[in-house]
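Below is one structure, written out as structure tokens; comments come after it.
The values are calculated or read from the model by the stated rules, or taken from the named source; none is laboratory data. Computed from a predicted model, the values in this text were never measured in an experiment. Here the Cβ is made from the backbone with ideal geometry for all residues, glycine too, and neighbour counts use every protein chain on show.
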Amino acid sequence: MKILTGNDLKTGAVTWWDGVQWSLHVEDAVDVGEHADTILAREQATRRVNAAYAIEAVKDEDGVRPAHIKDRIRALGPTVRPDLTLKPADPAAGNWVI
Amino acid sequence: MYKYDTYDQQQVNARVEEFRDQVRRRLEGHITEDQFKPLRLMNGLYLQLHAYMLRVAVPYGTLSGAQMRMLGHIADKYDRGYGHFTTRQNIQYNWIKLEDAPDILADLASVEMHAIQTSGNCIRNTTSDQYAGAVADEVVDPRPYAELIRQWSTFHPEFSFLPRKFKMAVIASDTDRAAMRLHDIGIRIVRNEAGELGAAFYVGGGMGRTPMIAPCIREWVPIDQMITYSEACLRVYNRYGRRDNKYKARIKILVHELGKDEYARQVEEEFAHLLTLSIEPPLAELERIKAQFADPPFESGLSDDLDRSDPDFALWIDANCLPHKRPGYIAATISLKPVGGIPGDASADQIRLMGDLAERYSFDECRVTHAQNVVLPHVRKADLFALWQQLDAAGLATANLDQIGDIIACPGLDYCSLANARSIPVAQKISQRLAGKARDIGELKLKISGCINACGHHHAGHIGILGVDKKGVENYQLLLGGCEGADTSLGQITGPGFDEDGIVDAVETATGVYLSNRQGTERFIDTYRRIGMAPFKEAIYG
């Protein structure tokens, strides 16, 4: 599947296109198929996202997982600071990245 | 320490307000990201993996206590409670909001700091010897000359859009503690037999994808022509540097392609021309700057005795302290490399404490090192135990300077959008694995980069590690034999790379080869140079 990611303009936070708006959670990301360029152009023009781009991902029973480790780290947070990730209470969350 | 004059302060204040307006226009949609990006980069604001990242300049690594405390305040108020000291004597914050950036710059300006020229194709922060003004082996304190370069290069209109970024270092000792020959321009202040000061120029060094050691293109430039000669070096580069290819745009490529002698000849031509224009700052300005780097009021008649009865304190003295030029004083390094920790990271509380301790024990002065540690340059030996106790209580008394646990590491793929592999977890694992052997191994400089840009200085590590992306999987190349300093050399790749656990095993194996072959007081690098790569390769690859 192809999903969209970028950063919030004001805060810089990593966001994912959920079909309606930009979510902080990669599990909300939807397959944009062939519409990536159209959505990116529209959303960046409205300043709802910054520096956005399309990436490959897979969806399984555990949810959406970006294909490349760089985007998995973006999705969760730094592997060396579990306390600063989106799942600070889950000590095994980093396993999803690797 | 240098104090801003009215002109310096006005420049920085004006830049804050200019950037505040630029941010407002970006947030309101009057300018696009393509238009805004070069403006934010000129103020040190990057967009990294998780958020905006702000890189704050620490000129030649020198900070007052109040400045250090401000860095802690920013970590708390605007970031997530910590900062990351970098491999070029700066500090970075990883979780900055764009809307906060102007207020951060205003807070920095209130203590004579800024983030100007910490990014972009301009002359970056000039680095220097972290022990400047404290050690006996320097011919003069190099920082006034670094400050003169800062003033000359800040907002220099001709050098705001160079072919690529440009890094300078200034030292004044035979012992190079600033990796001077791995800079675009390295300057070594020297004194001739007549007692006059001059500058030796090394041009065209650097790391990155094409590492090169800077050759000396002129052994003596009169000190009152140092800026003019620097301008000549930059002009030739600005004119002929490769703007058509980002990967060939650094000055090292120009010097290499022209040849050192031809580049030097062209610089001489430009230098002769510039001398007729009298662009050198007046000597009175240099004297004004030098007066602000005068020695602090050292006491006389102090004892050199130290009570070493606490074994942990004694270990720390031996590992982290350096003799001072004045009796009764010592230079103490605060390691930001606890076993298993993140190299260069410090919490807001730790940063504030270091500011307090600098004020209390080191004439209100501290230094950031390119090895991502902090130095208190002028500590009375009589105060050293009290200082150490406070550092120890704050987790800042790791005794490992220049040992295998004192690892230089870039932020890597955990934070950096350019990285191909994570650096920090590898550093943490090596630090933990070899903590028990570190003292026996002795001096061993290990440096890790998460990509070919080499922010972790892997080319200059006795052991270097380069993280690469191998079909979407992190892979680590091992290098041996790099060295910075007077005997600068570049590391050589041992062979095929390793996964994360494999590279830790390979490093341990390399240290084992060293310990088995060490003669006398040889350091790792000495043994490597004597026995060569073959025994290491045989042990690592079998």
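Data for the structure
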{"item": "Output for the stretch A:1-49, where each listed residue is surrounded by 15 or more Cβ atoms within 10 Å (Cβ to Cβ), among the small types (G, A, S) and away from chain B (no Cβ under 14 Å)", "result": "A:S23, A:A29, A:A36"}
{"item": "Complete set of residues in the stretch B:507-525 that are over 20 Å from B:H458 (Cβ atoms) and either outside the structural domain of B:T488 (by TED's automatic domain parsing) or not polar (S, T, N, Q) (or both)", "result": "B:G512, B:L515, B:R518, B:G520, B:E522"}
{"item": "Subset of the stretch A:8-59 [under 12 Å from the mean Cα position of the chain (by Cα) and free of Cβ contacts under 8 Å to residues at least 12 places away in the same chain]", "result": "A:A13, A:S23"}
{"item": "Only one of A:R74, A:R81, A:R65 that is within 12 Å of another protein chain (Cβ to nearest Cβ), surrounded by 15 or more Cβ atoms within 10 Å (Cβ to Cβ) and free of Cβ contacts under 8 Å to residues at least 40 places away in the same chain", "result": "A:R81"}
{"item": "Residues satisfying the stated conditions in the stretch B:521-536, i.e. surrounded by fewer than 18 Cβ atoms within 10 Å (Cβ to Cβ) and farther than 22 Å from B:G485 by Cα", "result": "B:A534, B:P535"}
{"item": "Extreme residue, surrounded by the fewest Cβ atoms within 10 Å (Cβ to Cβ), among residues of the stretch B:469-515 that are of a type in the set (S, T, N, Q) and closer than 17 Å to B:I404 by Cα", "result": "B:T509"}
{"item": "Test: residue in the stretch B:338-353 that is under 20 Å from the mean Cα position of the chain (by Cα), of a type in the set (S, T, Y), within 14 Å of another protein chain (Cβ to nearest Cβ) and over 17 Å from B:A438 (Cα atoms)", "result": "yes"}
{"item": "Flag for B:I251 being in contact with a Ser or Thr (Cβ under 6 Å, 6 or more places away or on another chain) and under 22 Å from B:M180 (Cα atoms)", "result": "no"}
{"item": "Candidate set: the stretch B:407-449, residues that are more than 13 Å from B:I342 (Cβ to Cβ) and either among the small types (G, A, S) or assigned by TED's automatic domain parsing to the domain that holds B:Y52 (or both); chosen: the one surrounded by the fewest Cβ atoms within 10 Å (Cβ to Cβ)", "result": "B:G436"}
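Results for (1) under 20 Å from B:I149 (Cβ atoms); (2) at pLDDT 95 or above; (3) surrounded by fewer than 15 Cβ atoms within 10 Å (Cβ to Cβ), shown as yes or no for each residue.
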| position | (1), (2), (3) |
| --- | --- |
| B:L258 | no, yes, no |
| B:L275 | yes, yes, yes |
| B:Q292 | yes, yes, yes |
| B:P297 | no, yes, yes |
| B:D304 | no, yes, yes |
